[in-house]
Amino acid sequence: MLSLTRRGLAATAAALFLSGAALAQNATSITDAQVGQVRDTDRVMGDADAPVTFIEYGSVACSHCGHFQETGFEAVSEGIEAGDVRFVFREMITGQPNIAIAGFVLANCAPDDQYFEVVDTLFAEMGSIYEAMQNGTAQQRYDELAAGFGFTPEDVQACFSDEATVARVQTAHRTAVQDGVTSTPYFIVNGDRLAAESGGDGQGLVYTVNGDVLTDSEGVIPANLEADTFRRIIALYKGG
């Protein structure tokens, strides 16, 4: 059972991170090619034959993930609509772990065709959820948000009490750790892991793949979360 009390959520989060750390130490080797493949457990949008497979590891309690959702994801959404992008979202417990766990459990209780709508709402309402957690009204806030998707308060409580759903969220996090992901948002495009590194010569942070700086006809691609950056990345990989 997932308790929405601070103590209950903290205990769940602690157990999750301890198990994740143990897995990181004992994980079997996994190749970048394997990590870049779409899995049966993935949440996916877009054409299976799209030339660009864009994977995001994200958390509904991660402020940078929320920023990407608000800005950079616009480019991904355009790519999905154009048939250029197959988008894969993989859950990871970063940020405030109790909020991430509760949010993903709720999203996984929704029908599959509502999963991304719930996740979008959780990103948009991250601030109000944090505030409610501080005020001790988190259960009420989740009830209010879930009502927009046809959930009753009883449905929400049943969701948070569903051990199989909690285990699914835990497994997703452990898999992300095994994939070598340590922070969010984290992106893999057509099997290439994007890393933010110093470009030198006053360029600031730039996106690299295996140490090589990503460049297109406009020059170096900056490592930020803005829509134009991801339009350039998608165009680069579509053309490649």
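Here segment 1-59 is the region considered, the condition is being in contact with a helix residue (DSSP H, G or I) (Cβ under 7 Å, 6 or more places away or on another chain), modelled with pLDDT of 95 or more and in a loop (DSSP other than H, G, I, E, B), and the residue that is surrounded by the most Cβ atoms within 10 Å (Cβ to Cβ) is Ser59.
Looking at this structure, is Phe104 in contact with an Asp or Glu (Cβ under 7 Å, 6 or more places away or on another chain) and within 22 Å of Ala158 (Cβ to Cβ)? It would help to see each step written out before you state the result.
Details: in contact with an Asp or Glu (Cβ under 7 Å, 6 or more places away or on another chain): yes; within 22 Å of Ala158 (Cβ to Cβ): yes.
Yes: the conditions hold for Phe104.
Note on segment 60-86: among residues that are in a helix (DSSP H, G or I) and either of a type in the set (A, V, I, L, M, F, W, C) or at pLDDT below 95 (or both), the one that is farthest from Phe187 (Cα to Cα) is Ala82.
Quickly run through segment 184-207 and pick out the residues that are of a type in the set (Ser, Thr, Tyr), closer than 28 Å to Ala100 by Cα and in a strand (DSSP E or B).
Of segment 184-207, the ones of a type in the set (Ser, Thr, Tyr) are 184, 186, 198, 207.
Of the ones still in play, those that are also closer than 28 Å to Ala100 by Cα are 184, 186, 207.
Tyr186, Tyr207 - these are the residues of segment 184-207 that are of a type in the set (Ser, Thr, Tyr), closer than 28 Å to Ala100 by Cα and in a strand (DSSP E or B).
Each row is one residue, and each column tells you yes or no for (1) among the basic types (Lys, Arg); (2) under 15 Å from the mean Cα position of the chain (by Cα); (3) over 27 Å from Phe68 (Cα atoms); (4) in a helix (DSSP H, G or I).
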residue: Gln139; (1), (2), (3), (4): no, no, no, yes
residue: Val156; (1), (2), (3), (4): no, no, yes, yes
residue: Arg168; (1), (2), (3), (4): yes, yes, no, yes
residue: Thr171; (1), (2), (3), (4): no, yes, no, yes
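Filtering segment 87-111 to residues that are in contact with a Ser or Thr (Cβ under 6 Å, 6 or more places away or on another chain), under 18 Å from Ser128 (Cβ atoms) and not in a helix (DSSP H, G or I) leaves only Gly95.
The values are calculated or read from the model by the stated rules, or taken from the named source; none is laboratory data. Note that the structure is predicted; figures quoted are calculated from it, not measured. Every residue, glycine among them, receives a Cβ derived from its backbone with ideal geometry; neighbour counts consider all protein chains shown.
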